[in-house]
Amino acid sequence: MLYAFLVLVCLLMMAYYYPQMPQRMASHFAADGRVNGWQSREAFFVLMILVSASSVVVCFLAPRQIAARSNARINLPHRDYWLAPGRREQTMRFISATMAWFACGILFVLISGTFLALQANLAPDHRFNSEAMLVVLGAFLLGLLGLLVRLVRHFQKVPSGV
């Protein structure tokens, strides 16, 4: 649900800002926020939609690819336990849910970067807010670390007596 909400936010944001943007847009920025690349409005929005849509691969395609593999081709701690016939489906749901959260994080970063680029194009000096982007990236990295810890902890533990 969160992923669908983020996709909707992304589409609404692009629809709202598209008519406000100049024909030639600042599209690439140096670390200090100065513009160092330009492209047409149409190319900017098409590229942003394609890049944002790439998060679908993480959210939906990758988990299906993993689930389609044989157990021998899936690298997990205690693989025989987690991929046993009675637990394999539950394990795949856990992996899929974890990857869905990761995809939400990726999409949030992409939406944030796009929003900051759009704001830069509305500013007279076209300066990108690099500090805000660093906060977003920091939050993403903390969330990613949390997901990784959760993933490792989940698959490291095996009930005693098994």
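Quick notes
- The peptide list 63-74, 108-119, put in order of mean Cβ contacts within 10 Å with the highest first, becomes 108-119, 63-74.
- Scattering profile of the range 1-85 at q = 0.15, 0.23 Å⁻¹ [log10 I(q)/I(0), Debye over alpha-carbon scatterers]: -0.74, -1.14
- Furthest towards positive pole of dipole, H78, L110, L122, structure part the range 45-162, Cβ charges: H78
- Interatomic Cα distance distribution for the chain, bins of 5 angstrom, percent: 1, 8, 15, 16, 15, 12, 9, 7, 6, 5, 3, 1, 0, 0
- In terms of surrounding Cβ atoms within a 10 Å radius of their Cβ, Y17, Y81 rank from fewest to most as Y81, Y17.
- Gain on full stretching of the segment that runs from S130 to I74 - 0.36 nm per residue minus C-alpha separation: 16.3 nm
- Only Cα pairs under 8 Å and 6+ residues apart enter the sum, and on that basis the relative contact order of the chain stands at 29 percent.
- Each residue, Q23 and V149, gets one label point 7 Å from its Cα in the Cβ direction; the gap between the two is 5.3 nm.
- In degrees, nearest ten, helix 88-122 long axis to first principal axis of the chain (Cα): 10
- In summary, the convex hull built on the alpha carbon positions of the range 78-162 has an orientation-averaged projected area of 6.3 nm².
No value in this document is a laboratory result; all are computed from the given coordinates. These figures come from a predicted structure and were not determined experimentally. Backbone-built Cβ (ideal geometry, glycine too); neighbour counts: all protein chains shown.
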